[in-house]
1. Run Arg152 past the list (1) open to solvent by less than 20 Å² (accessible area, probe 1.4 Å); (2) under 17 Å from Asp64 (Cα atoms) and report the number of the one that doesn't hold.
2. Might you check whether a residue that is open to solvent by less than 30 Å² (accessible area, probe 1.4 Å), of a type outside the set (Lys, Arg) and farther than 22 Å from Gly6 by Cα occurs anywhere in segment 206-222?
3. Taking the condition in contact (Cβ under 8 Å) with a residue 12 or more places away in the chain, open to solvent by less than 20 Å² (accessible area, probe 1.4 Å) and either of a type in the set (Asp, Glu) or over 27 Å from Met46 (Cα atoms) (or both), does Ser128 pass?
4. Restricting segment 35-46 to residues that are of a type outside the set (A, V, I, L, M, F, W, C) and in a loop (DSSP other than H, G, I, E, B), which is most open to solvent (accessible area, probe 1.4 Å)?
5. Cys167 is checked against (1) buried (at least 24 other Cβ atoms within 10 Å of the Cβ); (2) within 18 Å of Gly185 (Cα to Cα); (3) touching a helix residue (DSSP H, G or I) at 6+ places or on another chain (Cβ under 7 Å); (4) in contact (Cβ under 8 Å) with a residue 60 or more places away in the chain and fails just one. What number does that condition carry?
6. Looking at Thr30, Thr61, Thr83, which one is closer than 25 Å to Tyr168 by Cβ, at pLDDT 95 or above and out of contact with any Cys (no Cβ under 8 Å at 6 or more places or on another chain)?
7. If Ile148 meets every condition in (1) without any contact (Cβ under 8 Å) to a residue 40 or more places away in the chain; (2) out of contact with any Ser or Thr (no Cβ under 7 Å at 6 or more places or on another chain); (3) not in a strand (DSSP E or B) apart from one, which number is that one?
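The values are calculated or read from the model by the stated rules, or taken from the named source; none is laboratory data. Computed from a predicted model, the values in this text were never measured in an experiment. Positions of Cβ are backbone-derived with ideal geometry, glycine not excepted, and every protein chain shown enters the neighbour counts. Calculation scope for accessible area: heavy atoms of the full protein, side chains included, ligands and nucleic acids excluded. Shrake-Rupley method; radii C 1.70, N 1.55, O 1.52, S 1.80 Å.
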Amino acid sequence: MYHQVGIPSPRGTPYRGLTVHPRDFARQMTWMSRLGYRGLSMRDLMPYLRGDASGKVFGITFDDGYRNVFENALPILNRLGFTSTNYFVVHQFDGANVWDAHKGVPHSPLMSVDEMRKWAAAGQEVGSHTLDHVHLSEVSPEIAYQQIAQSRTELGALLNTEIGAFCYPYGSETPGVREWVRKAGYSNATTTVRGLVRPDDDLFGLPRVTVARSTNIFRFLQKCLTRLEDRRRSG
């Protein structure tokens, strides 16, 4: 689980840890490739998650659709032949992380529709992160379902394709919210729960490995290739 791939904000800035330096991202992806692993989008990972395929693969996801991911991460993914999923906030194309402003998080531009289309044309996957980056478990059922379903419809219309991947903003979800994601037509959804995916995991409640600014290469490989992250799973 990544957010931004760019130059981290100054020390003391809120949520500074969610920006991974491009040099570190390149090192992480290169080492996984050297070790024989292939990075995949959620779409490409689904046969492995369902048990229909096996191999040395790992999923790569980005939350929010930041422009610096398009600029800095996409060339690295293309060079290595990796695919990934970026979860877009549909009403913020060519906008910014406005949902973070009250926390003092610096303004960071998000991709435009044209950049999102180029992202998809490069073989990367477009997923939904709702219309407005809302806490789905804290709004009314009607608003939650609209955020989930309409974002899929609007993204699909922009790309002329089906949208299968969803990510819960803030990791905010309940069994009911998961059911609405299923009902809306998605095939999978990721959370902010830390851990490696297990064969019996709900495809609409998949955990992820958090990669932060301070994650050095040794810890990154520990997180991805050992059971370290599973110690942090709640169940």
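1. Only one criterion is unmet by Arg152, namely (1).
2. Yes, segment 206-222 has at least one match.
3. no
4. For segment 35-46, the residue satisfying everything is Tyr37.
5. Unmet condition: (3).
6. Thr83
7. Condition (2) is where Ile148 drops out.
For every residue, the table says whether it meets (1) on the phi < 0 side of the Ramachandran plot; (2) assigned to a strand (DSSP E or B); (3) of a type in the set (Val, Ile, Thr); (4) open to solvent by 30 Å² or more (accessible area, probe 1.4 Å).
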residue: Pro10; (1), (2), (3), (4): yes, no, no, yes
residue: Pro14; (1), (2), (3), (4): yes, no, no, yes
residue: Ala26; (1), (2), (3), (4): yes, no, no, no
residue: Ser33; (1), (2), (3), (4): yes, no, no, yes
residue: Tyr48; (1), (2), (3), (4): yes, no, no, yes
residue: Ala53; (1), (2), (3), (4): yes, no, no, yes
residue: Ile76; (1), (2), (3), (4): yes, no, yes, no
residue: Phe82; (1), (2), (3), (4): yes, no, no, no
